[in-house]
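The values are calculated or read from the model by the stated rules, or taken from the named source; none is laboratory data. None of the values given here were measured: they were computed from a predicted structure. Glycine also receives a Cβ, built like all others from the backbone with ideal geometry; neighbour counts cover every protein chain displayed.
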Amino acid sequence: MSLIIALNKGRILSEVLPLLAAAGVEPTEDPRESRRLIFPTSHPEVRLIVVRSGDVPTCVEHGAAAIGITGKDTLLEHGGGGFYEPLDLGIARCRLMTAAPIETQPRLGPRLRVATKFVNVARRFYSARGQQVDLIQLGGAMELAPLIGLADQIVDIVDTGRTLAANGLEPKETIAEISSRVVVNKAAMKRQAGLILPLLDALERAVVARQHVEATP
Ligand code: PRP
């Protein structure tokens, strides 16, 4: 019985594809240059699908894809069970952080307004600190929110910090360290262990080999 690996669109793909290739799973055409959404691969029993990041855990949770690869930020926002998270690929590293305009004092009085697309993560973060905030859900360009008076703070991904700096914002607190993770549907892990476990082993070896190359001067 064959299986599907769900990948997310965007910049993460360029880092994931070489690892998959090293693990013996190479799509028959480059997903970054195709309008196709499902790809046969060099592995006779594995196909790839390319979906929006938030749809990766959804596909895996429902068993439509046995395996998924996406960022920890997406998994934290999705929440819930339905899958195992057996492997950290150590790629697409960044941080999920709070950020605010440079040199603003903590706001007193009315509730803090926080703009983010990570509303579940933000709700958990502020409520764990006993802080009540008004969450404003945006689809992207969160850095804009404080500049146009929509919010006092944002919760967003910070990689180089250039987007924050370019918009007069500074990072405040780290909510989570992010990297790409492999998730596996729980039922598939039992039913298709003979196919999935060797794939996970091969991916893990590819991750170790990549880290070794990176560490070599
Ligand atoms: C992400 C994130 C930040 C930016 C951070 O956006 O939302 O805006 O990257 O990177 P930096 O710290 O290196 O500047 P992305 O470009 O992925 O687009 P998005 O807004 O659609 O998430």
Just one of (1) away from the ligand (no atom under 15 Å from the Cβ); (2) without any contact (Cβ under 8 Å) to a residue 24 or more places away in the chain trips up Ala187, so point out which.
(2)
In this structure, is Thr216 of a type outside the set (A, V, I, L, M), within 14 Å of the ligand (Cβ to nearest atom) and either surrounded by fewer than 15 Cβ atoms within 10 Å (Cβ to Cβ) or under 29 Å from Gly63 (Cα atoms) (or both)?
no
How many residues does segment 64-80 hold that are buried (at least 21 other Cβ atoms within 10 Å of the Cβ) and assigned to a loop (DSSP other than H, G, I, E, B)?
2
If the requirement is being closer than 22 Å to Ala187 by Cα and away from the ligand (no atom under 16 Å from the Cβ), which of these qualifies: Pro40, Pro44, Pro18?
Pro44
Take Ala206 and tell me if it is more than 16 Å from the ligand (Cβ to nearest atom), touching a residue at least 24 places away in the same chain (Cβ under 8 Å) and of a type in the set (Gly, Ala, Ser).
yes
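From the list Asp134, Asp156, Asp152, which one is more than 24 Å from the chain's Cα centre (by Cα) and buried (at least 16 other Cβ atoms within 10 Å of the Cβ)?
Of Asp134, Asp156, Asp152, the one residue that is more than 24 Å from the chain's Cα centre (by Cα) and buried (at least 16 other Cβ atoms within 10 Å of the Cβ) is Asp152.
Of these, Asp30, Asp55, which one is within 16 Å of the ligand (Cβ to nearest atom) and of a type in the set (D, E, K, R)?
Only one candidate passes the filter, namely Asp55.
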All conditions in (1) farther than 23 Å from Pro18 by Cα; (2) part of a helix (DSSP H, G or I) are true of Val208 except (1)
Can you list the strands (runs of 3 or more DSSP E) lying wholly within segment 81-181 that have 2 or more residues being away from the ligand (no atom under 16 Å from the Cβ) and either touching a Leu at 6+ places or on another chain (Cβ under 7 Å) or not aromatic (Phe, Trp, Tyr) (or both)?
83-88, 112-116, 133-137
Considering only segment 189-210, state which residues are surrounded by fewer than 12 Cβ atoms within 10 Å (Cβ to Cβ) and within 21 Å of the chain's Cα centre (by Cα).
Val208
Can you confirm whether segment 99-109 contains a residue that is surrounded by fewer than 22 Cβ atoms within 10 Å (Cβ to Cβ), of a type in the set (Asp, Glu) and in the same structural domain as Ala193 (by TED's automatic domain parsing)?
no
